[in-house]
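Okay, so here's the structure we're looking at.
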Amino acid sequence: MKILGIETSCDETSAAVLSNGSVCSNIVSSQLCHTSFGGVVPELASREHERLIVSIVDNALSEANITKNDLDVIAATAGPGLIGAVMVGLCFGQAMAYALDIPFVPVNHIEAHIFSAFIQENSLNHAPEGDFISLTVSGGHTLLSHVHKDFTYEVIGRTLDDAAGEAFDKTGKMLGLPYPAGPVIDRLAKNGDPSFHEFPRALTAHSQTSKNYRGNSDFSFSGLKTSVLTYLKKQSPEFIQKHLPDIAASVQRAIVSVLVEKTVSAALAGNVKAISIAGGVSANSALRTSMKHACEQHGIAFHVPNTEYATDNAAMIATLAGLLLSHDMVPRNRYNIAPFASFAAGRRKASLT
Ligand code: KG4
Ligand code: ZN
């Protein structure tokens, strides 16, 4: 079965071809037009997707050595995301499927991240075999989910305020770093001292005495943001410049240690033997190393997609569509799907709790 996946929910225009579950091509074009604005400008994102969608889809087909007539299914992100941006890929995908008279599958972008451990390359499959805890950390979401082997899942924790990616991007902005700051902090931190300054870690056992501790799997990063702002206000520009790698490493440690602690605790509490991380922040090298180490310590299997599949990409959209089709979990042959703005609005019925 050949599936074309399309992803346009934010600032990456992407198309991928899957043949019998294995990725044959995954073309990702990251929009550079937002850099000077310090964040994604929705109107510019939609226009850029519109400009690129035809050539990106053509590239994905030709890299996979097929033509559109070889396709069996088309899948596209239906949300959540910037509505105008989502609509470009969603309308394009539905129109193309309608014209080719093949099924169309709408995909929830966050669910696609959750299941990105199932992305296969060269028929190699490193997916969890049983239940797993998924940490999905992107620019807009921070979710802990318990995924069952029948592809249903429950969300067991989420951020109460900022997403982990936002925590990287917003503290990075305070440090004068370009958007998105996550990868820049990751790079800078490699030459910094993570114990240079202790930033707060909300809702963790670490802060158990705090009245905010809820002993559950939720996250909070807004306090970290305030704490970084207050800290920077007290320092001279020369000091900040000199210690940029140390401050970046300290901020990164505060975010990563919370993510690792909460994810491992959830796995231990639920007696789940595997953890998977996904979403743009899962490209973070410190998160990958710390989570791997913590999993080894507790005898938990660790699954993480290649960095190419951590940030937004269409291979994950096509992969989830393939999984859902093979388990009869999605409607087919519908070309009237509207975009949705929130993760909850697009959750699969089978997974609602
Ligand atoms: O999943 P994604 O590509 O797009 C969304 O759906 O949001 O995630 C983007 C987020 C941004 O906040 C970006 O700063 C963060 O992922 N990110 C990173 C790294 N690479 C991307 N954060 C920390 N370290 C990285 N290496
Ligand atoms: Zn994403």
I'd like the antiparallel share, as a percent to the nearest 5, of DSSP beta bridges with both residues in the chain.
60 percent
How compact and how long is the chain, expressed as Rg and Dmax of its alpha-carbon atoms in Å?
20.2, 64
Over its alpha-carbon atoms, the range 245-353 yields an Rg and a Dmax in Å of 17.2, 54
Write down the Å³ per residue value for the convex hull defined by the alpha carbon atoms of the range 128-305.
108 Å³
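Report, to one decimal in Å, the Kirkwood hydrodynamic radius for the range 83-205 based on all distinct Cα pairs.
Numbers: mean 1/r = 0.0559 Å⁻¹.
Roughly 17.9 Å, rounded to one decimal.
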On Cα atoms only, tilt of 244-269 relative to the major axis of the chain in degrees
70 degrees
Hey, what D do you get for the range 27-77 in µm²/s if you plug the Kirkwood alpha-carbon radius into Stokes-Einstein at 25 °C and 0.890 mPa s?
192 µm²/s
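Determine, for each peptide in 20-27, 78-85, the mean count of other beta carbons within 10 angstrom over its residues, then list the peptides with the highest first.
Details: 20-27: 19.9, 78-85: 22.9.
The most tightly packed comes first, giving 78-85, 20-27.
Please get the size of the charge dipole for the chain, origin at its Cα centre, with Cβ charges of +1 on Lys and Arg and -1 on Asp and Glu, quoted in debye to the nearest 20. Intermediate results must be reported in sequence, preceding the final value.
On the way: 27 positive and 32 negative charges, 179 e Å.
So the dipole magnitude of the chain works out to roughly 860 debye.
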With N denoting the number of residues in the range 1-144, provide Rg(C-alpha) divided by 2.2 N^0.38 Å, to two decimal places.
1.05
Tell me which of V88, L229, V251 sits at the most positive position along the dipole axis of the chain, charges placed on C-beta atoms (Lys, Arg +1; Asp, Glu -1).
L229
Using Cβ counts within 10 Å as a stand-in for footprinting exposure, how do S265, S222 rank, fewest first?
S222, S265
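Mind pulling the per residue volume of the convex hull built on the Cα atoms of the range 150-208? Å³ is fine.
On the way: hull volume 9.3 nm³, N = 59.
Expressed per residue, the convex hull around the Cα atoms of the range 150-208 is 158 Å³.
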Excluding residues fewer than 8 places away in the same chain, name every one of the lysines whose C-alpha is closer than 25 Å to that of K234.
K170, K173, K190, K225, K242
In degrees from 0 to 90, rounded to the nearest 10, what is the angle of the helix 83-100 Cα long axis to the longest principal axis of the chain?
20 degrees
Residue-ordered couplings for the range 157-173, obtained by feeding phi - 60° into the Karplus form 6.51 cos²θ - 1.76 cosθ + 1.60 and rounding to whole Hz (Gly and Pro as x), are x, 7, 6, 8, 9, 7, 7, 4, x, 4, 4, 5, 5, 6, 5, x, 4
Dipole magnitude of the range 132-251 about its Cα centre (Cβ charges: Lys, Arg +1; Asp, Glu -1), debye to nearest 20:
240 debye
With 13 Å as the cut-off, how large is the P(r) tail for the range 1-63, expressed as percent of Cα-Cα pairs?
59 percent
Neighbour-count ranking for D162, D58 (other C-beta within 10 angstrom, fewest to most) reads D58, D162
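Every number here is computed from the coordinates shown, using simple stated rules; none is lab data. Since we're looking at a predicted model, the values are computed, not measured. Neighbour counts are summed over all protein chains in view; Cβ atoms, including those assigned to glycine, are modelled from backbone coordinates with ideal geometry.
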